[in-house]
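Structure record follows, encoded as structure tokens.
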Amino acid sequence: MARDRNAKLRNLIAGYSDSIRLSDNKANITVLFVAIMMGTVLQFRDFYPWYLNLPVIMAPFMIIFINLLFSVYPRFPRSGRHRFPIRRKPQPGEFDFVQDAESDLENLPERCAMFSRILWWKTITLQIAYATAMVSLVAAAIFLFIAHL
């Protein structure tokens, strides 16, 4: 039963890490496109109505950027893990890798929970960025239609 549980946890960890990697790729590509759109919007700011000043125009872009950067920012906890030694003159003994299968199996539930939490926050921040983009597009269309009348 324990091997079956560990296999399930390893499969969950593999799925979570793949999903985290995919959401990072989505966020990186979206940051690029948001930067391109922001440049275009700033270029034509003189043609917008008087009530759409620069802070109002830039607010959705900043909210989207902040959410995408939070999505890409790594949130891996460092407590309880051996850290990579950064010293001026390291000794070869500091880099010995000791395989401890028992501790690896004990850490599987913690690692699974950590990846689950990371993926949840990445999903939330990507959804906020998407919702902000859609709402700002609808608001921009309404404002520009009103200005056209």
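Brief remarks follow.
- F143 paired with T123, simple spin-label distance in nm, labels 7 Å along Cα-to-beta-carbon: 3.3 nm
- Counting only residues at least eight positions apart within a chain, or on another chain, the lysines with an alpha carbon under 18 Å from that of K122 are K26.
- Listed by Cβ neighbour count within 10 Å, with the fewest neighbours leading, W120, W50 appear as W50, W120.
- Part-to-part distance (alpha-carbon centres) for region 4-81 and region 101-149, which is given in Å: 7 Å
- Cubic angstrom per residue, convex hull over Cα atoms of region 1-43: 33 Å³
Coordinate-derived values only; no laboratory data. Remember, it's a predicted structure, so these values are computed and weren't measured experimentally. Ideal geometry is used to build each Cβ from the backbone, glycine not excepted, and the neighbour counts take in all protein chains shown.
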